[in-house]
Amino acid sequence: MNQDFSPFVPGLPSPPPCSSQEHRPPAASTALPPQHPRRHVLLHPPRHCQLRPLQHLQEQPSALRHHRRVGHQTSSESWGIGRAISKIPRVPGSGTHHVGQGAFGNMCCVAAFLPLPRSGAINVNQNRYAMVSAIPSLVLASGNRVESVPKLPLVISDFIGGVEKTKEAIKVLKQIGAYPDAEKAKDSHGVPPCKGKMRNRHDISHKDPLIVYGTKGAKIVKAFRNVLDVEVANVEKLNLLKLAPGGHLGRFVI
């Protein structure tokens, strides 16, 4: 990952002169890998409060819910006390099943919508803070199986950009020790025990790991797309919904 947010986000600490090493598989090279200076973005402290507001951007917007009179286009009034029913306003009239039902309340059918889907522009600095908070997050604290990974953050050489077959992609994951985490995400698939099954949410699973490639590694997209729960992202087009799915920090990023 070569993207550096330090010129855009104030208050980032200064990086050490030399830290992270570049990992190569044993068959690729026998010499010691070169050392590179650690990026500012890897030293930024995680801030959970910056991620949650941005996760609402994936909600489906609705124009009807933002109308100022939605749910209030009826002359409903309360029936008062003494009828052994709640004092919420009731729909007047006769001849239909909707008569006598509650109105204006959030719990009523065909009533006001609350809460509304959040939409609108996000502050640029807030988006950048959320992005840099999701990159250096704690991987071990999230329960990822990275015990066999030689070093974190894990940076591998450009040889992976030439991988085109899925069997080669799985072999690379096994060489760098990231395949156990991919198997954990594969075994985590299940059916949600709620009404989400009736709303086209039939499957729940963990999302790990995420492979970030450079401008010359577009071939690995086809190689890793058939590996279950392993996603690929371009370093120039990082998406916060992939770095922190569901607003949770700690995704294993290669």
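Compute from the Cα atoms of the stretch 194-241 the Rg and the Dmax, the latter being the longest Cα-Cα distance, and quote both in angstrom.
Radius of gyration, then largest Cα-Cα span, for the stretch 194-241: 14.1, 44 Å.
Using a simple charge model, +1 on the beta-carbon of Lys and Arg, -1 on the beta-carbon of Asp and Glu, nothing else, what dipole does the stretch 95-254 show about its Cα centre, in debye to the nearest 20? Walk me through the numbers on the way to the answer.
On the way: 22 positive and 12 negative charges, 48 e Å.
The dipole of the stretch 95-254 has a size of about 220 debye.
For each of 86, 94, count neighbouring Cβ atoms within 10 Å of the residue's Cβ, then give the residues from fewest to most.
Neighbour counts put them in this order, fewest first: 94, 86.
For residue 156, enumerate residues with amide H under 5 Å from its amide H, sequence gap 5+ or separate chain, H modeled in the peptide plane.
23
Output wanted: per-residue J couplings in Hz (rounded whole) for the stretch 159-175, from phi through Karplus 6.51 cos²θ - 1.76 cosθ + 1.60, θ = phi - 60°, x for Gly and Pro.
After applying 6.51 cos²θ - 1.76 cosθ + 1.60, I find 5, 5, x, x, 6, 10, 9, 5, 5, 5, 5, 5, 5, 5, 4, 6, 5 Hz.
Just subtract the alpha-carbon distance of residue 147 and residue 165 from 0.36 nm times their residue separation and send over the number in nm, one decimal. Let's see the in-between values first.
Values: separation 18, 0.36 × 18 = 6.48 nm, distance 2.61 nm.
That pair, residue 147 and residue 165, stretches by 3.9 nm at full extension.
Check each of the trypsin sites (Lys or Arg not before Pro) in the stretch 177-245 and keep only those in coil by DSSP with at most 15 other C-beta atoms within 10 angstrom; list them in order.
Filter output for the stretch 177-245: 201, 216, 219, 225.
Express the relative contact order of the stretch 96-254 as a whole percentage, based on alpha carbon pairs under 8 Å and six or more residues apart in sequence. Working shown, then result.
On the way: 199 pairs, mean separation 41.5, N = 159.
This gives 26 percent for the stretch 96-254.
With N set to the number of residues, divide the alpha-carbon radius of gyration of the stretch 170-212 by 2.2 N^0.38 Å and report two decimals. Present the calculation step by step, with values, prior to reporting the outcome.
Details: Rg = 13.7 Å, N = 43, 2.2 N^0.38 = 9.2 Å.
Rg over 2.2 N^0.38 Å, computed on Cα atoms: 1.49.
Can you compute 3J(HN,Hα) from phi for each residue in the stretch 231-246, using the Karplus curve 6.51 cos²θ - 1.76 cosθ + 1.60 with θ = phi - 60°, rounded to whole Hz and x for Gly and Pro?
My calculation for the stretch 231-246 gives 10, 10, 9, 7, 5, 7, 9, 5, 10, 5, 5, 8, 5, 9, x, x Hz in order.
Could you pull out every residue, at least 5 positions away or on a different chain, whose amide H is within less than 5 Å of the one on residue 232? Hs are placed 1.01 Å off N in the peptide plane, and Pro or chain starts have none.
Residues meeting the criterion, in which the H sits 1.01 Å from N, are 211.
Could you work out the percent of alpha carbon pairs in the stretch 126-254 separated by over 23 Å, rounded to a whole number?
On the way: 2779 of 8256 pairs.
Tail fraction, whole percent: 34.
Apply the Karplus parameterisation 6.51 cos²θ - 1.76 cosθ + 1.60, with θ equal to phi minus 60°, to every residue of the stretch 179-187 and state each ³J(HN,Hα) to the nearest whole Hz, in sequence, with x for glycine and proline.
Rounded to whole hertz, the list is 6, x, 5, 5, 5, 5, 5, 5, 7.
Put a dot 7 Å past each Cα toward the Cβ at residue 72 and residue 175; how far apart are the dots in nm?
Distance between the two pseudo-spin positions: 6.5 nm.
Any read-out appearing in this document is the output of simple, stated calculations on the displayed coordinates, not a laboratory observation. Predicted model only: the values in this text are computed from it and were never measured. Here Cβ is always computed from backbone atoms with ideal geometry, including for glycine, and neighbour counts include all displayed protein chains.
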